[in-house]
1. Among (1) within 21 Å of L11 (Cβ to Cβ); (2) more than 10 Å from the chain's Cα centre (by Cα); (3) of a type outside the set (K, R), which single condition is V85 missing?
2. If I filter segment 122-139 down to residues being buried (at least 16 other Cβ atoms within 10 Å of the Cβ) and near the ligand (Cβ under 7 Å from one of its atoms), which single residue comes out as nearest to the chain's Cα centre (by Cα)?
3. Give me the pairs: first residue in segment 11-35 and touching a residue at least 40 places away in the same chain (Cβ under 8 Å), second residue near the ligand (Cβ under 10 Å from one of its atoms) and among the acidic types (D, E), beta-carbon distance under 7 Å, and six or more apart or on different chains, which are they?
4. Does I105 count as under 11 Å from the mean Cα position of the chain (by Cα), modelled with pLDDT of 95 or more and β-branched (V, I, T)?
5. Count, please, the residues in segment 94-113 that happen to be surrounded by 14 or more Cβ atoms within 10 Å (Cβ to Cβ), more than 11 Å from the ligand (Cβ to nearest atom) and not hydrophobic (A, V, I, L, M, F, W, C).
6. Specify the residue that is nearest to the ligand (Cβ to nearest atom); the eligible residues are those in segment 59-82 that are under 15 Å from the mean Cα position of the chain (by Cα) and not hydrophobic (A, V, I, L, M, F, W, C).
7. From L54, L43, which residue is crowded, with 18+ Cβ neighbours inside 10 Å and away from the ligand (no atom under 16 Å from the Cβ)?
Amino acid sequence: MQIRPAIESDLPGVLEIHADAVAHSTAIWTDEPPTLDGRRDWLATHSVAGRSALVAVEDDLVVGYASYGPFHAKEGYRHTCENSVYVRPGHQGKGIGRSLLQALIAGASADGLHVMVALIEAGNEASVRLHSSLGFDDAGVLREVGTKFGRWLDLRYMTRALS
Ligand SMILES: CC(C)(COP(=O)(O)OP(=O)(O)OC[C@H]1O[C@@H](n2cnc3c(N)ncnc32)[C@H](O)[C@@H]1OP(=O)(O)O)[C@@H](O)C(=O)NCCC(=O)NCCS
């Protein structure tokens, strides 16, 4: 398995993983099916200094992707980034998420960023555990701020110091 910056030809694979998470999970709080154009925007906006878009590739298959970008548009937040990490169903629980998140943390530290923030649906045990095991601290839960599949969702903030 190789972890490297995402390129245009990875986007159909990234889209498949993203679409599955939209359709079947509460990790992404929308029902709107994603598009290839949306993934092109994601790649373009995360391929500039201070941001990152990575893929995990195994036998030419994109098995995961991850990114970080600005946490908030206002300039006072410029040393803080927000991450995301997704692993293809059937490939989860094999250390791919951990490798992607480790690479994100290393990249954001090298970029001179100060704090990485993860916004996680509070019931997402895999993601909470992944982030905890790589040094993220629980920064609190916002109760019932989201909804999907006919139920309220809680949002857990987790933060990690970078430099
Ligand atoms: C969350 C996710 C990124 C984790 O990646 P992964 O490759 O499956 O996880 P890893 O194999 O690297 O394991 C990382 C940690 O999570 C734990 N974990 C993995 N799957 C788990 C599960 N289903 N339940 C509980 N813990 C789990 C592992 O035990 C490991 O913890 P440890 O380091 O304390 O042993 C992945 O499962 C995924 O893409 N899920 C769907 C989308 C999603 O929820 N994305 C995150 C949005 S915030």
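1. Against the list (1) within 21 Å of L11 (Cβ to Cβ); (2) more than 10 Å from the chain's Cα centre (by Cα); (3) of a type outside the set (K, R), V85 comes up short only on (2).
2. So the residue we want is S127.
3. Short answer, once both residue conditions are applied: T26/E121; A27/E121.
4. no
5. 3
6. Per the criteria, the residue is G64.
7. On the way: L54 fails: away from the ligand (no atom under 16 Å from the Cβ).
Checking each option against the conditions leaves just L43.
The values are calculated or read from the model by the stated rules, or taken from the named source; none is laboratory data. Note that the coordinates shown come from a computational prediction; the quantities given were computed from them, not determined experimentally. Backbone-built Cβ (ideal geometry, glycine too); neighbour counts: all protein chains shown.
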